[in-house]
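Computed from the coordinates by the stated procedures, all read-outs in this text should not be read as laboratory data. Since this is a predicted model, take the numbers as computed values, not measurements.
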Amino acid sequence: MSISQDQVVSIHYTLRDEAGEIIDSSPAGEPLAYLHGHGNLVPGLERELAGRSVGDKLTVTLSPADGYGEHDPKLVQQVPRRALKGVGNVRVGMRLSASSGRSDRTVTVTRIAADLVTVDGNHPLAGKKLHFEVEVAGVRAATETELSHGHVHGPDGHDH
């Protein structure tokens with residue numbers, strides 16, 4: 001069975017940056033399961049996996065546009081430290097949930113200078129090329145529940 005829309009796909013993967021350092025990988029012996037065609041993976045990787053079958057191995061390099069998008073300077077803001085009251089011990093690298101009138105977004109504290117805190121709402125991998133090594137471990141039909149929820153419910157389609 002080859003990978004197509006509405007199938008549950010299990011992959012072993014390693015993601016590296018431009019320097020070859022590992023950024024992320026599937027847990028040892030445990031593949032990542034996702035629902036194909038539902039935006040559960042970055043667009044370029046999902047596109048590259050379409051039509052593949054169990055046992056296929058591929059190496060994929062994705063541009064930022066096919067990964068987590070370009071870095072958007074409009075998503076970097078300086079806020080007064082007092083705006084973060086209730087957040088104890090603010091430090092660089094801390095991830096916070098920020099709420100605007102329209103949506104919630106996770107931001108990363110990137111700089112602290114006196115009373116100003118710089119937060120970045122871009123995904124940490126925005127603007128970066130992504131280098132994936134992938135092996136397809138499984139492909140199966142999705143259950144009706146998985147399709148209606150838009151995500152996988154465990155390896156056999158059951159909630160865990």
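So what is the relative contact order for region 15-145, in percent, with contacts set as C-alpha pairs under 8 Å and at least six apart? Relative CO of region 15-145 lands at 34 percent. Adding -39500 (n - 2.57) for every DSSP H run of four residues or longer, then dividing by how many residues the chain holds, sets the calculated 222 nm ellipticity at -2000 deg cm²/dmol.
Backbone amide hydrogens, once placed in the peptide plane, bring residue 152 within less than 5 Å of 35, excluding anything fewer than 5 places away on its chain. P(r) tail for the chain: Cα pairs beyond 23 Å make up 51% of the total. Using every pair of separate Cα atoms, the Kirkwood estimate puts the hydrodynamic radius of region 73-120 at 10.9 angstrom.
Here the Karplus curve 6.51 cos²θ - 1.76 cosθ + 1.60, taken at θ = phi - 60°, turns the phi angles of region 74-81 into couplings of 5, 8, 9, 9, 9, 10, x, 3 Hz, with x standing for Gly and Pro.
Given Cα pairs under 8 Å that are at least 6 residues apart, what percent is the relative contact order of region 73-120?
After rounding, I find 43 percent.
Residues whose amide H falls under 5 Å from that of residue 116, counting only those 5 or more places apart or on a different chain, are 81, with hydrogens built in the peptide plane.
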